[in-house]
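So the structure is just underneath, and the comments pick up after that.
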Amino acid sequence: MKKNYYDILQVNKNASAEIIEKAYKTLAKMYHPDLQEESNKKQAEEILKQINEAYEILSDSEKKKNYDAFLAKDEDEHLSNKMKNENDKSHVSSTTYNSTISIRDLHALQEQERLYKQKLQQDQFHQKQLQYKRDLAYQEQLQQARKQAYYDAYIQDLKNRGYKIRYKKSIKDYIKGLIGTIIVLFILFLLWKIPFIQNFILSFLEKYTILKK
């Protein structure tokens, strides 16, 4: 059985229109040829073509209804062929245990297989999303690094030409300077309160009349 449109968009049959649209936008952006390397563009174009075709059917309620009916019929035929093949292969003697799988058991088995495939597709989808976010964050960091490098090179070029670079101080810079001055004065005040240091400074000033004045 060919890969259906739900598999292409990596959603299940009960997915809402909002989930289908979100999955389409994510995959369309992920496989857009402009975001691929030159060697992968052709393959990305083929995948994007399938994504667009799947979304065109599943986004239209009437087309989706007809497609679901066709898909159900196709699955029934697939199950019938599978059962027929299994029966052809199971030619055993009368003493061999032979049981016919009921339709209910077959559907249960098919549901388990579908859930397993769905979980596997969701895991793959999340991995692709995570990789895309990592690539996007890396591109942003690279762009910021380039901007900083261009800016540093521009500043260095101005300095080489003899220009003096003055950076405008912000309010935070003035506040930091004021706090630093207060801390230094406070430390000097505490040192002045120590008798040994106070006597040393006074005796030093007594020796030099200019400093004393």
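Give me the pairs: first residue in the stretch 90-119 and over 30 Å from Asn12 (Cβ atoms) and of a type in the set (Lys, Arg), second residue open to solvent by 100 Å² or more (accessible area, probe 1.4 Å) and at pLDDT 75 or above, beta-carbon distance under 9 Å, and six or more apart or on different chains, which are they?
none
Counting just the residues of the stretch 108-143 that are under 14 Å from the mean Cα position of the chain (by Cα) and of a type in the set (A, V, I, L, M), which one comes out least open to solvent (accessible area, probe 1.4 Å)?
By that ranking, first place goes to Ala137.
Counting only residues that are assigned to a loop (DSSP other than H, G, I, E, B) and under 21 Å from the mean Cα position of the chain (by Cα), how many does the stretch 16-37 have?
Number of matching residues: 4.
May I ask you to list the residues in the stretch 186-208 that are of a type in the set (Ser, Thr, Tyr) and part of a helix (DSSP H, G or I)?
Kept after step one, since they are of a type in the set (Ser, Thr, Tyr), are these residues of the stretch 186-208: 203, 208.
Within the stretch 186-208, just Ser203 meets the criteria.
If you check Leu48 against the conditions, is it in contact with a Phe, Trp or Tyr (Cβ under 7 Å, 6 or more places away or on another chain) and within 26 Å of Lys73 (Cα to Cα)? Walk me through it before giving the result.
Working: in contact with a Phe, Trp or Tyr (Cβ under 7 Å, 6 or more places away or on another chain): yes; within 26 Å of Lys73 (Cα to Cα): no.
It is false that Leu48 is in contact with a Phe, Trp or Tyr (Cβ under 7 Å, 6 or more places away or on another chain) and within 26 Å of Lys73 (Cα to Cα).
With the condition kept exactly as written, say whether any residue in the stretch 133-140 is under 30 Å from Leu35 (Cα atoms), hydroxyl-bearing (Ser, Thr, Tyr) and assigned to a helix (DSSP H, G or I).
Applying the first criterion (under 30 Å from Leu35 (Cα atoms)) to the stretch 133-140 yields 133-140.
Now restrict to residues that are hydroxyl-bearing (Ser, Thr, Tyr): 138.
Imposing the further condition that a residue be assigned to a helix (DSSP H, G or I) reduces the set to 138.
For the stretch 133-140, residues under 30 Å from Leu35 (Cα atoms), hydroxyl-bearing (Ser, Thr, Tyr) and assigned to a helix (DSSP H, G or I): present.
Hey, among Asn12, Asn40, Asn52, which residue is modelled with pLDDT of 85 or more, in a loop (DSSP other than H, G, I, E, B) and surrounded by 12 or more Cβ atoms within 10 Å (Cβ to Cβ)? Step through it out loud before you land on a result.
Working: Asn40 fails: in a loop (DSSP other than H, G, I, E, B); Asn52 fails: in a loop (DSSP other than H, G, I, E, B).
Result: Asn12 is the single residue among Asn12, Asn40, Asn52 that is modelled with pLDDT of 85 or more, in a loop (DSSP other than H, G, I, E, B) and surrounded by 12 or more Cβ atoms within 10 Å (Cβ to Cβ).
Identify, from the list Ile175, Ile171, Ile183, the residue that is exposed (fewer than 10 other Cβ atoms within 10 Å of the Cβ), more than 29 Å from the chain's Cα centre (by Cα) and at pLDDT 85 or above. I'd like the intermediate steps shown before the answer.
Working: Ile175 fails: exposed (fewer than 10 other Cβ atoms within 10 Å of the Cβ); Ile183 fails: exposed (fewer than 10 other Cβ atoms within 10 Å of the Cβ).
Every option except Ile171 fails the conditions.
I need the full set of residues from the stretch 144-166 which are open to solvent by 80 Å² or more (accessible area, probe 1.4 Å) and within 37 Å of the chain's Cα centre (by Cα), in order please.
First, pick out the residues of the stretch 144-166 that are open to solvent by 80 Å² or more (accessible area, probe 1.4 Å): 144, 146-148, 150-151, 154, 156, 159-161, 163-164, 166.
Scanning the stretch 144-166 gives Gln144, Arg146, Lys147, Gln148, Tyr150, Tyr151, Tyr154, Gln156.
Search the stretch 131-155 for residues that are over 23 Å from Lys29 (Cβ atoms) and pair each with any residue that is open to solvent by less than 100 Å² (accessible area, probe 1.4 Å) when their beta-carbon atoms are under 8 Å apart and the residues are at least 6 apart or on different chains.
Ile155/Ile165
The values are calculated or read from the model by the stated rules, or taken from the named source; none is laboratory data. The model shown is predicted, which means the values in this text are computed figures rather than measured ones. No Cβ is skipped: glycine too gets one built from the backbone with ideal geometry, and neighbour counts run over all protein chains shown. Areas reflect the complete protein model, heavy atoms only, side chains present, ligands, DNA and RNA absent. Shrake-Rupley method; radii C 1.70, N 1.55, O 1.52, S 1.80 Å.
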